[in-house]
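The values are calculated or read from the model by the stated rules, or taken from the named source; none is laboratory data. Note that this is a predicted model, so its numbers are computed, not measured. In this analysis, Cβ positions are derived from the backbone assuming ideal geometry, glycine residues included, and neighbour counts consider all displayed protein chains.
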Amino acid sequence: MTEDVRIDELDAVLAAHGLIRRGGFAFTEADTAPPALGDMPARSVILVGHGGGSIWPHFRAWLAALDVPPDDPLDTWSRAVIEPVAARFGARAVFPFEKPWLPFQQWAIRAEGLKPSPLGILMHPEFGLWHAYRGALLFDVDIPVHPPANPIHVCALCDGKPCMNACPAGAVTEAAFDVAACGGYLSSGGACRDAGCLARAACPVGRPYGAAQTAFHMTARLRGLDGQ
């Protein structure tokens, strides 16, 4: 059965918060699908996120209205926005920052046909490396959404791979992204602490986040390093 969920209405509701629908798919019998609203496994999923800095003014306005900011403001904002959307459309909201960890990376690859960049971030043909998944909607009915038929991995077409040459820590390689090298460079006071990830900024695809948004994410990254 297919539920009459109006995709255009969902898109409009998400857009009011700077969010967009990031693809979706129907689970198969081979999947270990998490439950939707009931105890039965979900039938389909729609991912929710953003491309570029579209959420930033909405998030900043929400944050400015709080007397005391939460410890993880972006995660708190994501939950505050996406859970009411899920309730409105008869879905269960799940998030990449909550346990038990769900396979958001695998879901994203399946939903949008994306592949990892040399930095490990999924490469989007329009947004480049400047995008994120803030949550997902799990439905107990079939939703008519389909992954792209012919996804393009722009990294495979990139001439010169400027992201690899721009990393001052040498963390970006063909083999893998060296998380330890990146973290060590940042902890030692490297240039990326102030300017944001130089390798990410070197990618010619997409429009980078603004300075305030970049600084916010770098602060969160450094806080994570301090907590290790």
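The figures follow:
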item: Those helices (runs of 4 or more DSSP H) lying entirely in region 113-228 with at least 2 residues more than 30 Å from D71 (Cβ to Cβ); result: 162-166
item: Residue match in region 75-90 (condition: buried (at least 19 other Cβ atoms within 10 Å of the Cβ), in contact (Cβ under 8 Å) with a residue 60 or more places away in the chain and of a type in the set (G, A, S)); result: no
item: Search result, residues across region 98-149 that are exposed (fewer than 15 other Cβ atoms within 10 Å of the Cβ) and over 22 Å from A175 (Cα atoms); result: E98, K99, P100, W101, P103, E126, D142, P144, H146, P147, P148, A149
item: Members of region 144-160 that are touching a helix residue (DSSP H, G or I) at 6+ places or on another chain (Cβ under 9 Å) and either modelled with pLDDT of 90 or more or among the small types (G, A, S) (or both); result: C155
item: Residue that is nearest to the chain's Cα centre (by Cα), among those in region 164-177 that are crowded, with 16+ Cβ neighbours inside 10 Å and closer than 25 Å to R110 by Cα; result: F177
item: Residue in region 133-145 that is of a type outside the set (D, E, K, R) and without any contact (Cβ under 8 Å) to a residue 60 or more places away in the chain present; result: no
item: Residue match in region 193-206 (condition: over 20 Å from the mean Cα position of the chain (by Cα) and farther than 22 Å from G52 by Cβ); result: yes
